[in-house]
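Enquirer: Structure provided below as structure tokens; questions to follow.
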Amino acid sequence: MNFKKLKTTIEFTRNLFTTGAISETSREVEVEICSKLPKEDHKIIVEYGMGHGNITREILKNISPTSKVYAFEVNERFCQHVQEEIQDGRLVIINDSAEHVRELVKENAVDAFIASIPFTFLSNEVGQKIIQDSYDMLAADGYYSQVLYTRFNYKKFVRIFDECSITKIPNIPTEYIYHCKKQKN
Ligand SMILES: C[S@@+](CC[C@H](N)C(=O)[O-])C[C@H]1O[C@@H](n2cnc3c(N)ncnc32)[C@H](O)[C@@H]1O
């Protein structure tokens, strides 16, 4: 493990009840979770749970130069870390909870959501609000893609989204990516 990854693991472990993980998601997750991102110009992407920015980097690599990413992260130190590490004019870091997305992202619609927030550590009410608000803000044909370590929360997404699928990444621990689509407004 290199020094950067070790630093991230120490920080994640120290904040276990908000990170819900002891290390960053895998390279396979970074690639798979970004597989539904729109590549066209002027797209709006929202990320929930930026952490130290591994998925954020992959999002920026996949979208057009005129698109924009709003990245939510509750941990102020993680926000400072990414602010120092990623210099990209398309990235807007929001040091707040995903549950406030409606108030904080003032765009007509969001073209894709990429999320790694730990639903197991969110109250049922907060989790439901995040899923419903994201669905309401999502443009037609847009995807909400979420990585989690269990299939347990899948039904919460199936209840709201029009089309859902799960991709299993057989690592230790196993990672699951839920791709959830909105058909039309
Ligand atoms: C499992 S870590 C994932 C970090 C990184 N994106 C990755 O893939 O490794 C979850 C992150 O979500 C953040 N988080 C937890 N609850 C949140 C919330 N309600 N809103 C925004 N971020 C949240 C945690 O602080 C943590 O950085």
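Rule-based calculations on the coordinates, nothing more; no lab input. What you see is a predicted model; the values in this text were computed from it and never measured. As a convention, Cβ positions derive from the backbone with ideal geometry for all residues, glycine included, and neighbour counts pool all protein chains shown.
Enquirer: I'd like to compare 100-113, 45-58: which one has the highest average count of other Cβ atoms within 10 Å, and what's the full order after that?
Expert: Output ranking for 100-113, 45-58: 45-58, 100-113.
Enquirer: Suppose every Lys and Arg Cβ carries +1 and every Asp and Glu Cβ carries -1, with no other charges. What dipole size does the chain come out with about its Cα centre, to the nearest 20 debye?
Expert: It works out to roughly 380 debye.
Enquirer: Would you be so kind as to identify which of Val105, Gly49, Phe121 lies farthest towards the positive end of the dipole of the chain, taking Lys and Arg as +1 and Asp and Glu as -1 on Cβ and the Cα centre as origin?
Expert: Sorting the options by dipole projection puts first Phe121.
Enquirer: Hey, what did the chain get for relative contact order, percent, Cα under 8 Å, at least 6 apart?
Expert: Value for the chain: 19 percent.
Enquirer: Report the rotationally averaged projected area of the stretch 3-181 based on its alpha-carbon convex hull, in square nanometres.
Expert: 9.4 nm²
Enquirer: Over the chain, what is the percentage of antiparallel beta bridges among all DSSP beta bridges, to the nearest 5?
Expert: Counting only bridges with both partners in the chain, antiparallel ones make up about 40 percent.
Enquirer: Quick one: order Cys180, Cys79 by neighbouring beta-carbon count within 10 Å, fewest to most.
Expert: Going from least to most buried by this count: Cys79, Cys180.
Enquirer: Something else about it: Would you please put 82-89, 170-177, 117-124 in order of how densely packed they are, using the mean number of other Cβ atoms within 10 angstrom per residue and starting with the highest?
Expert: Listed from highest to lowest mean packing, they are 117-124, 170-177, 82-89.
Enquirer: For the residues Lys4, Lys68, what sequence is obtained by ranking on other C-beta atoms within 10 Å, fewest first?
Expert: Lys4, Lys68
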